[in-house]
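Asker: Okay, handing you the structure first.
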Amino acid sequence: MAQQRITVESALNTLLARFQAMSPGIVGAAIVNSDGFIVAAQLPHHIDELRIAGIGAAMVAIGEQISEELQHGILERTFIDSKHGYIVATSLGPELALLAIAQREVKPGLIFLYISRLTVEIQKVLW
């Protein structure tokens, strides 16, 4: 069991590293669980993984609450547009979410494309 977990974690970290390397303007990514813990991450050194995991889990939970309250169906993603770039949280199922951090120069449509491709690869590893 421990060996399988290490293999899955390693595979996810490899996917995140490749995602970052092959997606211009993506500066970091993490997979977090609903309890606010990191499953896998490729984040800039100045970012605290524990904090980003908790914030990411909260971001998804709030997005789900808003979507449900407004009767807009199941949450697909939460998108934050800030002065220096974008943060996107995408649901990977009931317990996991993908967070991506992108520079301002990247078009949001490209971010969504990169994320959708990565999501397919993550699903293959997890299920």
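Asker: Taking H as built 1.01 Å from N, whose amide H comes closer than 5 Å to the amide H of residue 92, not counting residues under 5 places away?
Answerer: Close amide H contacts, sequence-distant or interchain: 97, 98.
Asker: Moving to a separate point now. Show me the three semi-axes of the equivalent ellipsoid for the stretch 2-126, from the C-alpha gyration tensor (sqrt of 5 times each eigenvalue), largest first, rounded to whole Å. Walk me through the intermediate numbers first.
Answerer: On the way: eigenvalues 84, 67, 39 Å².
The three semi-axes for the stretch 2-126 are 21, 18, 14 Å.
Asker: Step through the residues of the stretch 107-118 one at a time and calculate ³J(HN,Hα) from phi using the Karplus curve (6.51 cos²θ - 1.76 cosθ + 1.60, θ = phi - 60°), rounding each to whole Hz and writing x for Gly and Pro.
Answerer: Rounded to whole hertz, the list is 6, x, x, 5, 4, 4, 5, 4, 5, 5, 5, 5.
Asker: Okay, moving on. Which FRET efficiency value, to the nearest 0.05, is calculated for residue 11 and residue 45 with the Förster distance at 22 angstrom and r the Cβ-Cβ distance?
Answerer: Values: r = 23 Å, r/R0 = 1.03.
Efficiency at R0 = 22 Å is approximately 0.45.
Asker: If you take the beta carbon distance between residue 121 and residue 69 as r and set R0 to 25 Å, what does 1/(1 + (r/R0)^6) give as a FRET efficiency, to the nearest 0.05? List each step's numbers first, then the result.
Answerer: Working: r = 32 Å, r/R0 = 1.28.
According to the calculation, E is roughly 0.20.
Asker: Before rounding to the nearest 500, sum -39500 (n - 2.57) across all DSSP H runs of length at least 4 in the chain and divide by the residue total; then give [θ] at 222 nm in deg cm²/dmol.
Answerer: Working: 3 runs with 61 residues, N = 127.
Calculated mean residue ellipticity at 222 nm is -16500 deg cm²/dmol.
Asker: Want the number for residue 84 to residue 21: 0.36 nm per residue separation, take away the alpha-carbon distance, what's left? Please report the intermediate quantities before stating the final value.
Answerer: Values: separation 63, 0.36 × 63 = 22.68 nm, distance 1.96 nm.
Full extension from residue 84 to residue 21 adds 20.7 nm.
Asker: Ordered by packing density, taken as the mean number of other Cβ atoms within 10 Å over each peptide's residues, highest first, how do 92-102, 56-66, 72-82 rank? Can you show the working numbers first?
Answerer: On the way: 92-102: 19.8, 56-66: 17.4, 72-82: 13.0.
Top of the packing list down: 92-102, 56-66, 72-82.
The numbers here are math on the coordinates, done by the rules we state, and not lab data. What you are looking at is a predicted structure, and each value in this text was computed from that prediction instead of being measured. FYI the Cβ positions are ideal-geometry reconstructions off the backbone, even for glycines, and counts take in every protein chain you see.
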